[in-house]
Each structure stands twice: as C-alpha cells, then as structure tokens.
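Chemist: One structure follows; several queries about it will come next.
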Amino acid sequence: MRAPFRRVAAFAALLALTACGGSPAPAPTTSPPPPPCTPDTGAVDWDEPSSTPALLHVVARYRDDTRTTWRDLLDRPFTPEVTGDGTDRSWIPTLARSLGELRNQSLGPDTSPQDELTQLHTMLENSTQHGWLLAYTGTTLVEAAFRVTCAPSTPITGTLTTWNSMDSGFLACADATARDTPAAYPDVWDYCPTD
C-alpha cells in the first residue's frame, strides 16, 4: 500500500522541480521608440509660398513756421507663426531657414524689430520740409504650406507664416503726383493725417 503513495509523491516532486527549474523565460525584446518627427529629424517639402506686403510701423511729422507735431500711427511688429496638428513654435527657426534656402530669401526666424519707431523719428528729424511727412517700415509676409516626413510615420502638415527683410521710406502727404506712382505699400497713404 505504500508503493502507490511513493509514486504519487515522486511524481509531485518531479512536477515541482520542472515548474521551478530550467532556464528562465526570455525577456521580451523592445526597440527604443523612434525620435519625435520634427523638421530637424525629417525631410521638409514645401508648397509654393505666397507673398504679401505689410506695413509694420508708421510715424507722421508735421512742421510749419511755428510748430512741429509728431504722431506714432502704427507700431505692429510681426511674430512668425506655425500652424498644423503636431507642430510646435520651436520649429519656426528650422522651417524659416529651410524655406529661405529654397527661395534664396532671408526669412525672419523670430519677431521683427520692435524699436523701429525711434529710427523713423530720427529719419524725419533732419527734414525741414513743411506739412505732413510720413516715415514707414514694412516687410513682405511669406506664407507656405509644408510637409515633414519621417518614415514610417504619417507626414506632419502645417503652414509657416514669417517675414522677409525690412524696408523703410518716407513721403510727403501733400505730394499728389507721388500717389499715382506704384508703391511697395499702397496703403501707406491712408495714414496721412487730414487735420
């Protein structure tokens, strides 16, 4: 009667050894996640950009034999922006450089200069011309759609809007003939004071 019990005990011991012994199960293999897809890590493709002239700063100065009057009429520095799902403001410098190299343009990676009003005042201070004079600064706003591709991810699409160089000038509001001459910023005449 003892033999069957010994067999059962031996079988149970064998099961326990089998369950506890042997080589450990291999650890699951995990590859590191791919780096985030950005313009620095992927390929950037561009659509044809559009360009729009834009006034950023306008100063008016009036002078006659008795007085000098100043008016700061527009102070609107432009800040580049990027839109699109998965995009980030940190992409702007790389995108501006990429599009600038493609189009042979110097595109602003950050906000346009904010001290232009002071320089425009300086530009007009030395003029002795009577009547209203305007000094202005403008730029060209550049907008283009892009795709950033990092295989095997789905491309990230968005739009960059930035600016290209700065232009300054001045005009005499009383110069009627100049109004008929094509200007880089036709709306600058709208800033001439009427009083």
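The values are calculated or read from the model by the stated rules, or taken from the named source; none is laboratory data. Since the model is a prediction, treat every value here as computed from it, not as a measurement. Don't worry about glycine lacking a Cβ; one is built from the backbone with ideal geometry, like all the others, and counts go over all protein chains shown. With ligands, DNA and RNA removed, areas are computed over all heavy atoms of the protein, side chains included. Shrake-Rupley method; radii C 1.70, N 1.55, O 1.52, S 1.80 Å.
Chemist: Give, as a single signed number, the net charge of other residues whose beta carbon lies under 14 Å from the beta carbon of L95, with Lys and Arg counted +1 and Asp and Glu -1.
Modeler: On the way: positive: R89, R97, R103, R147; negative: D40, D45, D47, E81, D88, E101, D110, E143.
Local net charge: -4.
Chemist: Sum up the charges of everything whose Cβ sits under 12 Å from the Cβ of L74, counting Lys and Arg as +1 and Asp and Glu as -1, but leave L74 out. Provide the component values of the computation, followed by the final result.
Modeler: Numbers: positive: R71, R76; negative: D72, D75, E116, D187, D190.
Local net charge: -3.
Chemist: Heavy-atom accessible area per residue, the range 36-195, 1.4 Å probe: how many Å²?
Modeler: Numbers: 8790 Å² over 160 residues.
Roughly 55 Å² per residue, with all protein chains present.
Chemist: What does the charge count near A144 come to, summing +1 for each Lys or Arg and -1 for each Asp or Glu among other residues with Cβ under 12 Å from its Cβ? All intermediate terms of the calculation are to be shown ahead of the outcome.
Modeler: Working: positive: R103, R147; negative: D45, D47, E48, E143.
The answer is -2.
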